[in-house]
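Novice: Structure provided below as structure tokens; questions to follow.
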Amino acid sequence: MSQSASASSEGFRDHGVFLLRLLLGGVLVAHAAGSLLSLAAAGGQGLATIYSLVVAETIVGVSLLIGFQVRWVALGAVVVLLASAWLVGGASWLVDGTGAGREVPILLAVVAVAQFLLGDGRYAITRSALLRWRRSRGAEREQHVQAA
């Protein structure tokens, strides 16, 4: 494989990992918001476990959206999603008349496993990315001082 083809496929991989992360984070935040609204519509009557899952989904979703510690947050998402499937998913495998089902949380848990295996990707907030940003800011300041 040529060097340009390798670089091109690496770019595709980076974009794919980024899109997967945005999809998973966005769905988790949207699902948490929907759960919170349905709990509020029910007069706030619900189990503390459901509230805990909503908070965990929100934290995990936002962390994925901003790209913070993606690999480990994705692993946390697997735990949250499997707990959601087990505790809230209803009695049936597929979505039933109440809107509960286990297939969507399990599907998202598999997506989270894929995100864990693929890693942070190029467009995530990592320690090395923060160090590169700091170095570039320092270089910009040096150039500014030298120009003055």
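None of the figures in this text is laboratory data; all of them are computed from the coordinates on show. Computed from a predicted structure; not experimentally measured. Neighbour counts run over all protein chains shown; Cβ positions are idealised from the backbone, glycine included.
Novice: For a quick check: sort 103, 57 by the number of other beta carbons within 10 angstrom, fewest at the front.
Specialist: 103, 57
Novice: Using amide H atoms built 1.01 Å from N in the peptide plane, name the residues 5+ places from residue 68, or on other chains, whose amide H lies under 5 Å from its own.
Specialist: Under 5 Å from the amide H of residue 68 lie the amide H atoms of 125, each far enough along the sequence or on another chain.
Novice: I need the shape label for region 44-83. Rule: rounded when a/c is under 1.5, else prolate if a/b > b/c, else oblate, with a, b, c from the alpha carbon gyration tensor.
Specialist: Details: a/c = 4.37, a/b = 1.97, b/c = 2.22.
Oblate, because a/c is 1.5 or more while a/b does not exceed b/c.
Novice: Here is a follow-up. Using 0.36 nm times the number of residues separating residue 30 and residue 131, minus their current alpha carbon distance, what extension gain do you get?
Specialist: Length difference between fully extended and current span is 33.2 nm.
Novice: Just to be sure I understand the model, the point goes 7 Å from the Cα along the line to the Cβ. What's the resulting residue 62 to residue 122 distance in nm?
Specialist: For the pair residue 62/residue 122, the computed spacing is 2.9 nm.
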